[in-house]
Amino acid sequence: MLLKDKVALVTGSTSGIGLAIARSLAAEGARVMLNGFGDEHEIETIRKELAELSGDLAAYSDANLADPQAIDAMIARCTDELGSPSVLVNNAGIQHVAPVESFPPEKWDAILAINLTAVFHTTRLCLPSMRQRGWGRIINTASAHSLVASPNKSAYVAAKHGVAGFTKTVALEAAKDGVTVNCISPGYVWTPLVENQIPDTMKARGLTREQVMNDVLLAAQPTKRFVTPVEVAGLALYLCRPEAGSITGANISMDGGWTAQ
Ligand code: NAD
């Protein structure tokens, strides 16, 4: 198995894209640390499922990624219980949709903290042991919004552009150490994050639910279908393969052609 005896920390993996990535890494033997929020019984079921998939340990941290001390504690616990991560997937993210003049400052701060600053903290804490081992994979879930903008998403677009720039910088710093650093930039993926922004977009633009899905979300995507979490997970797994050793500093789109337009 590709990731036997390797440890993978996947932030925001109790749902959506992160959960699909956690499953695909565990299926290749990785000891996975899950992170994110949700129902504790459901999360325990997922943790057990991952341990079964890998035939090894799996753990869960409820660290709030808006809190740098909690990130520190999560990585210390991961290192104690599973080993130091050699695959780090920075995937946790939140969204808020509102015009910039009425964008709540506390939402701005939260989006920047979780979607961007947490990526800095996990990276700075995990990189030293990857370097020492001479092998590491840092995979950041960015977004088509790391490349292009949409109205009413100022904080998210700013944060995701930041993730893309941060990814390139760390890729250069780690280039000689066997550590690759990349981002995956999906278009719209059908997950709770997208579903939850439909009511706000309806309000902001005065549209019905169907209009938001077809005229706002899928309007951007020439394939006219949502990307699936499993497709994103397949690319994350590919980036862990030896054949992907020269892919670093890349921002790989998986957006049904959105940013090709
Ligand atoms: P999701 O809402 O299904 O999952 C988000 C995960 O992050 C959950 O596990 C949640 O508990 C966790 N999370 C949220 N706040 C957190 C916090 N403060 N601390 C720790 N964990 C926290 O969303 P998703 O669509 O799977 O999004 C995953 C990533 O993919 C995000 O970074 C998002 O920006 C990105 N993305 C999503 C889409 C899409 O269309 N769904 C498109 C492009 C990029």
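Annotations for the structure displayed:
- At q = 0.15 Å⁻¹ the log10 of I(q)/I(0) for region 109-261 amounts to -0.81, computed by Debye summation with a single uniform scatterer per C-alpha, solvent ignored.
- The distance between label points at GLU243 and ASP200 comes to 3.9 nm (points 7 Å beyond Cα on the Cα→Cβ vector).
- Solvent-accessible heavy-atom area per residue, rounded to whole Å², over the chain at 1.4 Å: 43
- In angstrom, the C-alpha Rg and Dmax of the chain are 17.7, 54.
- Percentage relative contact order, the chain, counting C-alpha pairs under 8 Å, at least six apart: 19
- Here, region 100-164 is characterised by an Rg to Rh ratio of 1.10, where Rg is the alpha-carbon radius of gyration and Rh the Kirkwood radius.
- Since only GLY257, ALA144, ASN91 are under comparison, the one whose Cα sits farthest along the positive direction of the charge dipole of the chain, derived from C-beta charges on Lys, Arg, Asp and Glu, is GLY257.
- Rounded to the nearest 20, the Cβ-based charge dipole of region 1-151 about its Cα centre (Lys and Arg +1, Asp and Glu -1) stands at 700 debye.
- Using only alpha carbons, region 1-142 has a radius of gyration to Kirkwood radius ratio (Rg to Rh) of 0.99.
- Ligands, DNA and RNA aside, PHE226 has an accessible area near 40 Å² when probed at 1.4 Å.
- Unsatisfied cross-links (Cα-Cα over 20 Å) in the set LYS107/LYS160; LYS160/LYS224; LYS203/LYS224; LYS168/LYS224; LYS6/LYS48: LYS160/LYS224; LYS203/LYS224; LYS168/LYS224
- Placing +1 on the Cβ of every Lys and Arg and -1 on the Cβ of every Asp and Glu, with nothing else charged, gives the chain a dipole about its Cα centre of roughly 740 debye.
- Using θ = phi - 60° in the Karplus curve 6.51 cos²θ - 1.76 cosθ + 1.60, the 3J(HN,Hα) couplings for region 48-54 round to 5, 4, 5, 5, 5, 4, 8 Hz; x is entered for Gly and Pro.
- Inter-centroid distance (Cα atoms) of region 117-172 relative to region 190-221, Å: 26
The values are calculated or read from the model by the stated rules, or taken from the named source; none is laboratory data. Computed from a predicted model, the values in this text were never measured in an experiment. No Cβ is skipped: glycine too gets one built from the backbone with ideal geometry, and neighbour counts run over all protein chains shown. Only protein heavy atoms, including side chains, enter the accessible area calculation; ligands, DNA and RNA are left aside. Shrake-Rupley method; radii C 1.70, N 1.55, O 1.52, S 1.80 Å.
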